[in-house]
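Take a look at the structure set out below.
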Amino acid sequence: MSVKPRRVKITDTTLRDAHQSLMATRMRTEDMLPIAELMDSIGYHSLEVWGGATFDSCMRFLEEDPWERLRLLKQKFKKTKLQMLLRGQNIVGYRHYADDVLQKFIHYAVKNGIDIIRIFDALNDLRNMEKAIYYTKQEGAHAQGTISYTVSPLHDIPHFIKLGKELKDLGSDSICIKDMAGLIAPYDAYELVKGLKEATGLPVQLHCHYTSGMASMAYLKAIEAGADIIDTASAAVALGSSQPPTDSFVAALKNTPYDTGLDIEKVAKVAEHFKEVRKKYNIPLEVALGVDTNVLSYQIPGGMISNLASQLAQQNASHLLNEVLQEVPRVRKELGYPPLVTPSSQIVGTQAVINVITKERYKMVITEVKNYLKGLYGKPPGPVDPDLVKKVLKDEKPYEGRPADLLEPQVEKAREEIKEYITQEEDVFSYILFPQVALPFFKARAAKGNNLGKGQAPGPGQKKGTGAPNKRGNNPVSYNWSNYFKIDSSLLMEQEGRQGPVYPV
């Protein structure tokens, strides 16, 4: 059967999602810049370089300014479009922010070099994406509406096709299927891509993680169905919980109707560079190479499993991991089957850990579960458990509107709070998003004369509290609640004068 030739495009994720997945987002800018000119000459559709967890990690762990990273990369990449991941109304944080913050953040992201913004919401609630899509187009950038793919009794092919049509109606320039857990099976990928192409007429891009081992097969079937773009990573930082290798797909599609047209020799040189770079970082072998069958059994993303193991290790409760893995799907069902992506993955996972450790389900409830049930994250995909709602909210009624409509403007207040530390307008948004991280960063920057980020990056294995799970030994399980749900303390709820991440029901 003859196939009409069409070039499949590649978005390379090496400079963002690949190292976020394998290196806990620790790759330094100084490891990116030397290879940038070569990467720029290859002919990628785009390079994902910013957003997601990189913004937080730059300041929190690397003593780097994320805005300066973007500017430096833009100076090097003169031909290739730069792309970022935006968490809808959450921007690059873990909660909703006011519209004035979202609008100005997108303005400065585009001004500093971003061409394509991939916009998603953890609940696939379009109300949390519509403003981001509008502001992106207002700035003249490409707005990519994103479907957070998951598996549940509520999520089937027709559901996602309907969502794709609604994203088009909001003004999306293209559609991305974001398979953060590597759950999409090859033939489901074929049907979904085919359906989206027919229903929307827009370019369709597939983003998968290799955690389940199905991503390359899913990509090939998606390409056969008409996928325009696939996300891959340089071979040195591919596979495991990262994306399929760019090198392999360039080779696999060569001399076929889907030939990428990329130079395999140049792609190989990029991989050689990052093979040297990765020696600086501690990448656990199971993260880099393994196929995680827990993903298939429990629909839990690989990175989420490592976080659960870390939380349990901090409580001297690693022996409870299997119980927690079984508890996660129960909690997810009771919360209406949210896709497990930031921040819903942290919310579901942390509550599952607490349910198991306390030996009584929902004896303690994290603040973010209460806020979720209150409707402050948006509309759950399906019905939530009525008994859980009654237990947590008592007689309080969930909010049914757009969560950001509850928020007052934040920009001017924040600018006043940090006026003595501002060296660029972008600092205001770093502070709004991560106040507990940005303020010490600004102070250190002032003390060091802006000469930050010169040391070696710690790998994920070097970060305190994220090593291999401890064996139980003779130590009892300890309830160190401060280790749960690691977000800024400014985001925690105060109740009766006490601030904390959990509260008793």
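Does Ile91 satisfy being among the aliphatic types (A, V, I, L, M), on the phi < 0 side of the Ramachandran plot and out of contact with any Asp or Glu (no Cβ under 9 Å at 6 or more places or on another chain)? For Ile91, the condition - among the aliphatic types (A, V, I, L, M), on the phi < 0 side of the Ramachandran plot and out of contact with any Asp or Glu (no Cβ under 9 Å at 6 or more places or on another chain) - is not met.
When the residues of the range 61-106 are filtered to those that are among the hydrophobic types (A, V, I, L, M, F, W, C) and over 30 Å from Gly378 (Cβ atoms), the one that is most open to solvent (accessible area, probe 1.4 Å) is Leu72. Scan the range 374-398 for residues that are open to solvent by 80 Å² or more (accessible area, probe 1.4 Å), at pLDDT 95 or above and part of a loop (DSSP other than H, G, I, E, B) and the total you get is 2. Residues in the range 196-234 that are on the phi < 0 side of the Ramachandran plot and part of a loop (DSSP other than H, G, I, E, B): Leu202, Pro203, His209, Met214, Ala227, Asp228, Ser234. Scan the range 311-333 for residues that are touching a Pro at 6+ places or on another chain (Cβ under 8 Å) and either without any contact (Cβ under 8 Å) to a residue 60 or more places away in the chain or under 24 Å from Cys208 (Cβ atoms) (or both) and the total you get is 1.
If the requirement is being at pLDDT below 95 and over 29 Å from Ala36 (Cα atoms), which of these qualifies: Gly240, Gly213, Gly182?
Details: Gly240 fails: over 29 Å from Ala36 (Cα atoms); Gly182 fails: over 29 Å from Ala36 (Cα atoms).
None of the others qualify; the one that does is Gly213.
Just one of the listed residues (Thr146, Thr150, Thr136) is under 20 Å from Ser344 (Cβ atoms) and not in a loop (DSSP other than H, G, I, E, B), and it is Thr146. Taken over the range 196-218, the criterion of being more than 18 Å from Tyr298 (Cβ to Cβ) and open to solvent by 20 Å² or more (accessible area, probe 1.4 Å) is satisfied by Lys197, Glu198, Ala199, Gly201, Leu202, Pro203, Ser216, Met217.
Within the range 30-45, the set of residues being crowded, with 19+ Cβ neighbours inside 10 Å and in contact with an Asp or Glu (Cβ under 8 Å, 6 or more places away or on another chain) comprises Met39, Ile42, Tyr44.
For the range 315-334, does any single residue satisfy the condition of being open to solvent by 50 Å² or more (accessible area, probe 1.4 Å) and part of a loop (DSSP other than H, G, I, E, B)?
Pass one, the range 315-334, residues open to solvent by 50 Å² or more (accessible area, probe 1.4 Å): 319, 322-323, 326, 330, 333.
Within this subset, residues satisfying the condition of being part of a loop (DSSP other than H, G, I, E, B) are none.
Checked against the condition, which is being open to solvent by 50 Å² or more (accessible area, probe 1.4 Å) and part of a loop (DSSP other than H, G, I, E, B), the range 315-334 yields no hits at all.
When the test is whether a residue is under 19 Å from Asp17 (Cα atoms) and surrounded by fewer than 23 Cβ atoms within 10 Å (Cβ to Cβ), Asp156 does not pass it. When you look at Thr367, is it surrounded by fewer than 23 Cβ atoms within 10 Å (Cβ to Cβ), touching a residue at least 60 places away in the same chain (Cβ under 8 Å) and over 27 Å from Leu163 (Cα atoms), yes or no? Spelling it out, Thr367 is indeed surrounded by fewer than 23 Cβ atoms within 10 Å (Cβ to Cβ), touching a residue at least 60 places away in the same chain (Cβ under 8 Å) and over 27 Å from Leu163 (Cα atoms). When Tyr134 is tested against (1) open to solvent by 20 Å² or more (accessible area, probe 1.4 Å); (2) under 25 Å from Leu72 (Cβ atoms), only condition (2) is not met.
Out of curiosity, is Glu63 of a type in the set (Asp, Glu), out of contact with any Phe, Trp or Tyr (no Cβ under 9 Å at 6 or more places or on another chain) and either farther than 19 Å from Asp263 by Cα or at pLDDT 95 or above (or both)? Taking the combined requirement at face value, the residue does not satisfy it.
Listed conditions (1) part of a helix (DSSP H, G or I); (2) within 20 Å of the chain's Cα centre (by Cα) are all met by Leu47, apart from (1). Screening Phe274 on (1) buried (at least 21 other Cβ atoms within 10 Å of the Cβ); (2) assigned to a loop (DSSP other than H, G, I, E, B); (3) of a type in the set (A, V, I, L, M, F, W, C) shows it passes everything except condition (2).
The values are calculated or read from the model by the stated rules, or taken from the named source; none is laboratory data. Quick caveat: nothing in here was measured; it's all calculated off a predicted structure. In this analysis, Cβ positions are derived from the backbone assuming ideal geometry, glycine residues included, and neighbour counts consider all displayed protein chains. Protein only, heavy atoms only, side chains kept; ligands, DNA and RNA dropped before computing areas. Shrake-Rupley method; radii C 1.70, N 1.55, O 1.52, S 1.80 Å.
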